[in-house]
Amino acid sequence: MSKELDNAFTDVRNAFRLLARYQSRVLDIINYIREHTPYTDMWGVKRYSDIIHTRRDCPDRDYANLSVWKDMWSWDFMYNYMFEFYFGQAKIERKTIEMSVIQVSDDGFYRSMANNPSPTDISTFLPANESNSYLIFTAGWNAWLRDEVEDNYEAFLHKFLAQSKDVCVYKNEKGHWSITKRYPMQRFASQKEADQVISDFGKLVKDHAGINLFNN
Amino acid sequence: MIYSTYHHKDTYEDPKTSSVFETMLMLPDELFWSVLRTACFDNENLPLVAGQIEDYQFWPHWDASDTSNSILVEPDLFIRFQAFDLIIEAKFSDNSGQYSQQWKNEITAYSNEYGNEKPVYFIAVGGNAEKATEIIALSDGVAVNKCTWLSVLIQVSKMRDEYEAPPMIPNILSSVLRILNLTELAFNINGVYNIHWFDGIKTAKPLISPYSFTTFKSFFR
C-alpha cells in the first residue's frame, strides 16, 4: 500500500485521539458551567444531522436502523460536531427560565463562501483554519433560540452562526425573551477565562432580562 | 463546613478550610499525610512517615506571648501526628494572602504551648505568590512548606483514580473512595476544580495534514 494512504490513516487515528481529548474537555467545561447555575439536570440534542436510533422493527435493542446506502450522512456518526446540552427549566426570581450550551465544533459550513454550500460536501466549507469553534450560551423565558424574524431553532442557529454579530437579544411585547451569545472555545483555556465568560453572559442576561442566571 | 459552622466562622477561607480538611481527615492517617505531603511543592524536608493522627483542632487559641498579636494566636488547623506536630495556615485564594509575620507568630505561639518536645512542621495552603519553601528565621528555623488548594485537589483526584482502577474493590477501600469523592466535592463547592481546560490541547502546529483529505479523495472516490 502507498505511504500516502498509511499517512492518511495515521491522521484518522490521530484525529480520533484528538477528538477524545477535546470532547472530555468539553464535557468537563459544560459540567463546570452548569454547576454555576441553579440547574441540576442535563439533556442532549444532536444538532446539524440525524441521530442513530433503534426502532421497533430492529432485530435487537442494541442495533440501530441505518440507511447507509443512500441518504445517511457521515455526520450522523459524529455526535460532537454540533451538540446541544440542555439544562432544562429552573425557577429564577419567579420565572421559569430555560438554558442550553451548544457545542459548535466547526462553523465552516455556516460561513461557507460557496454558491451552494452542502452540509455533506466539506470542500464547500470555509477552510478549517479560517473557521471557528464555539460554545453558544442561550437562555430564554417563554421564548427559545430565536430572534425577531426567525423562530425555528435550526434556521435561527444557521443565521446566528453565519452572521458576524456574536450576540442576539430577542424580547417581545409581553416581555418574553431569548438571549444567545457565542464564545470561541479558546476562551475556555483556563478556569479564570471560563469564569470571565460566565460572568459576561450573566451580565448580558441581567442587563436585558433583569435576572441572575448564575449563582454567585 | 461542620467545624466552621460550629466555630461561627462563615467568611473568607474558613468554610473552605473546614469542608476540605474535615473530609480529608476521615481518610486513613497514612493516606491523609501522603496527600498533603505530595501536594507540597518542595517536600524533601517533610517526613515520609507521620504515624497515627493523635489529635487535631481547627482554630486553636494559643498564648500570644512574644508575638505581634496582643490577645491570642489562631492557626487554621493544628494536627498532632505520632511523629511530629503540624500547623496549617490556609488562605482563600491560591496566589496571595500568606505573610511571614503570621507564620512567625504561629510558630512562636506553638512553642509557648508545646515547647520543643516534638518536631514541628508548617504548611501554608494557598495564598503564596512564591512556591518555594521558606525558612522562618527563629531560633529553631522552622521551614514553611507550601501547596495550593489545586495541588491538594490534584493529589486527591490522583489517589481516587488509583483506588478506582482495580476491578474488585474490597469494602474497606470503597469507604476510602467515598471519602475521596466527597473531598473532591468539598473542593468544587469552594470553587476549586481539577478539570481539563482547553489549554491542555495546545499544539505548535496542526496535527492533521491537509494532504490526508486529498489522499482519501484519490483512493476512495
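The values are calculated or read from the model by the stated rules, or taken from the named source; none is laboratory data. What you see is a predicted model, and the numbers here were worked out from it, not measured in a lab. Reconstructed Cβ throughout: ideal geometry from the backbone, glycine too, with neighbour counts over all protein chains shown.
Some values worked out for this structure:
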read-out	value
Residues of the stretch B:138-149 classified as touching a residue at least 12 places away in the same chain (Cβ under 8 Å) and either of a type in the set (G, A, S) or surrounded by fewer than 19 Cβ atoms within 10 Å (Cβ to Cβ) (or both), total	3
Any hit, the stretch B:58-77, residues being modelled with pLDDT under 95, touching a Lys or Arg at 6+ places or on another chain (Cβ under 7 Å) and within 25 Å of B:L138 (Cβ to Cβ)	no
Answer residue from the stretch A:133-148, given it is outside any strand (DSSP E or B), in contact with a helix residue (DSSP H, G or I) (Cβ under 8 Å, 6 or more places away or on another chain) and not aromatic (F, W, Y) and is surrounded by the most Cβ atoms within 10 Å (Cβ to Cβ) among those	A:L145
Members of the stretch B:200-221 that are among the charged types (D, E, K, R) and part of a helix (DSSP H, G or I)	B:K217
Residue among A:A194, A:A189, A:A162, A:A128 that is touching a helix residue (DSSP H, G or I) at 6+ places or on another chain (Cβ under 6 Å) and under 27 Å from B:P210 (Cβ atoms)	A:A189
Top-ranked residue in the stretch B:180-194 [being assigned to a loop (DSSP other than H, G, I, E, B) and out of contact with any Leu (no Cβ under 9 Å at 6 or more places or on another chain); ranked as nearest to B:A90 (Cα to Cα)]	B:N190
Matching residues, the stretch A:22-40, being surrounded by fewer than 18 Cβ atoms within 10 Å (Cβ to Cβ), more than 10 Å from every other protein chain (Cβ to nearest Cβ) and in contact with a helix residue (DSSP H, G or I) (Cβ under 9 Å, 6 or more places away or on another chain)	A:Q23, A:T40
Residue within the stretch B:81-100 that is part of a helix (DSSP H, G or I) and of a type outside the set (K, R) present	yes
Residues within the stretch A:179-210 that are assigned to a loop (DSSP other than H, G, I, E, B) and exposed (fewer than 14 other Cβ atoms within 10 Å of the Cβ), tallied	2
The lone exception for B:V156 - which of (1) in contact with a helix residue (DSSP H, G or I) (Cβ under 9 Å, 6 or more places away or on another chain); (2) assigned to a strand (DSSP E or B) it fails	(2)
When residues of the stretch B:193-210 are limited to those that are over 30 Å from B:T148 (Cα atoms) and at the interface with chain A (Cβ under 7 Å from one of its Cβ atoms), the one modelled with the lowest pLDDT	B:L207
Meets criteria (buried (at least 16 other Cβ atoms within 10 Å of the Cβ) and at positive phi) for B:W33	no
So B:K131, is it charged (D, E, K, R), touching a strand residue (DSSP E or B) at 6+ places or on another chain (Cβ under 8 Å), at pLDDT below 95 and over 18 Å from B:W62 (Cα atoms)	yes
Only listed residue being in contact with a Gly (Cβ under 6 Å, 6 or more places away or on another chain) and either surrounded by 12 or more Cβ atoms within 10 Å (Cβ to Cβ) or among the hydrophobic types (A, V, I, L, M, F, W, C) (or both), chosen from A:L126, A:L66	A:L126
Residue pairs meeting the criteria (Cβ under 8 Å; at least 6 apart or on separate chains; first within 12 Å of chain B (Cβ to nearest Cβ), in the stretch A:119-134; second aromatic (F, W, Y) and in a helix (DSSP H, G or I))	A:I122/B:F213
Residue list for the stretch A:1-21, filter: free of Cβ contacts under 8 Å to residues at least 24 places away in the same chain and either under 27 Å from A:T138 (Cβ atoms) or facing chain B (nearest Cβ under 7 Å) (or both)	A:E4, A:L5, A:N7, A:A8, A:D11, A:N14, A:A15, A:L18, A:A20, A:R21
Some residue of the stretch B:150-157 being out of contact with any strand residue (DSSP E or B) (no Cβ under 7 Å at 6 or more places or on another chain), within 9 Å of chain A (Cβ to nearest Cβ) and buried (at least 17 other Cβ atoms within 10 Å of the Cβ)	no
A:E173 free of Cβ contacts under 8 Å to residues at least 12 places away in the same chain and surrounded by 14 or more Cβ atoms within 10 Å (Cβ to Cβ)	no
Enumeration of residues in the stretch B:1-37 that are in a helix (DSSP H, G or I), out of contact with any strand residue (DSSP E or B) (no Cβ under 9 Å at 6 or more places or on another chain) and among the polar types (S, T, N, Q)	B:T5, B:S19, B:T23, B:S34
Lone unmet requirement of (1) in a loop (DSSP other than H, G, I, E, B); (2) within 14 Å of chain A (Cβ to nearest Cβ) for B:D161	(1)
